Amino acid sequence: MTTMPATSGHSAACCNIPPIVTDAYQAKGTYENVGGFNTYATGPADAEKGILVIMDIFGYFPQTLQGSDILSAYGKDKYRVLIPDWFEGSPADITWFPPTDDDKKRKLGAFFQQNSPPRVAALVPDYVKAASAKYPSIKSWAIVGYCWGGKVATIATSTPDTPFVAAASCHPAMVDPADAPKVKVPFCLLASKDEDSKAVKDFEDGLKVSKHVETFGDQIHGWMAARSDLADERVVSEYRRGYETVLKFFGGCGQ
């Protein structure tokens, strides 16, 4: 797997990643209504840059909230980070994964049918409009998607009028090389050992924008979000490095 920086290079600013809390993390943000969706919001309300986070199917896990707090605290240009609850209080139960029996498969199948990435991606532009109205200081938006959310992020950045200037897809589900040529903004893809390596490589080759594609070869699908085992020192190290990589990429894209 090759690694390619953004065209303008990585930001020279220090990431200032805070220490990772491995147990009983106390989230720094608040919950508020944005565009009709309950939303976890963190970072300065008067920030000039925003990040929309598309969480994985398991909802507001502490690991995901901590990741958003990390994203919000980057360098001198702090971000306002928003995580809308597209599932309206009914995320997937993490005990369904992996789907080792018919009951789990049925429940996951019903969840994905109700919450398809195209359906949610279609909601994103209006959500960003509402967020921009609520936070008028924000001049540019990036998007970060985890697992299922990685597919949403890919679709949301594939239209000519996408509201985003950069995107990151972390341990993405449903990697489809056919999606890559459609992406319109600089794109960072961080894969785990569990993604299909050929699909990831073909997706990388198909991107026609500035890109950074990297595989974290000893990490599982979900290591930057709900399935991250932050009691494991190696996972903590790669969790931190994943967020550093995303933030440096965004900095190099001017976001």
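Would you tally the residues in segment 170-207 being of a type in the set (S, T, N, Q) and free of Cβ contacts under 8 Å to residues at least 60 places away in the same chain?
1
Residue-by-condition table, conditions (1) under 23 Å from ALA122 (Cβ atoms); (2) touching a residue at least 12 places away in the same chain (Cβ under 8 Å); (3) aliphatic (A, V, I, L, M):
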| position | (1), (2), (3) |
| --- | --- |
| ASP161 | yes, yes, no |
| ALA168 | yes, yes, yes |
| LYS211 | no, yes, no |
| GLY217 | no, yes, no |
| TRP223 | no, yes, no |
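With respect to TYR135, determine if the residue is of a type outside the set (S, T, N, Q) and surrounded by 21 or more Cβ atoms within 10 Å (Cβ to Cβ).
Answer is no for this residue.
Of all residues in segment 193-218, which are more than 16 Å from PRO98 (Cα to Cα) and either in a loop (DSSP other than H, G, I, E, B) or among the polar types (S, T, N, Q) (or both)?
Once the filter is applied, which keeps residues that are more than 16 Å from PRO98 (Cα to Cα) and either in a loop (DSSP other than H, G, I, E, B) or among the polar types (S, T, N, Q) (or both), segment 193-218 yields ASP196, SER197, LEU207, LYS208, VAL209, SER210, THR215, GLY217, ASP218.
Looking at segment 138-159, which of the residues that are part of a loop (DSSP other than H, G, I, E, B) and in contact (Cβ under 8 Å) with a residue 40 or more places away in the chain is surrounded by the fewest Cβ atoms within 10 Å (Cβ to Cβ)?
Here the answer is LYS139.
With the requirement that a residue be touching a residue at least 24 places away in the same chain (Cβ under 8 Å), among the charged types (D, E, K, R) and surrounded by fewer than 12 Cβ atoms within 10 Å (Cβ to Cβ), what does segment 82-125 give you?
Matches in segment 82-125: GLU88 only.
Mind checking which residues of segment 228-255 are closer than 23 Å to VAL209 by Cβ, surrounded by 21 or more Cβ atoms within 10 Å (Cβ to Cβ) and either over 13 Å from the mean Cα position of the chain (by Cα) or among the aromatic types (Phe, Trp, Tyr) (or both)?
TYR243, LYS248, PHE249, PHE250, GLY251, GLY252, CYS253, GLN255
Only one of (1) closer than 23 Å to THR42 by Cα; (2) out of contact with any Phe, Trp or Tyr (no Cβ under 6 Å at 6 or more places or on another chain) fails for ASP103. Which number is that?
(1)
Regarding ASP161, is this residue more than 16 Å from the chain's Cα centre (by Cα), more than 23 Å from GLY252 (Cβ to Cβ) and acidic (Asp, Glu)?
So ASP161 fits the description; yes.
Where a number appears in this text, it was derived from the coordinates with a stated rule and is not lab data. Just so it is clear, the model here is predicted, and its values are computed rather than measured. Here the Cβ is made from the backbone with ideal geometry for all residues, glycine too, and neighbour counts use every protein chain on show.
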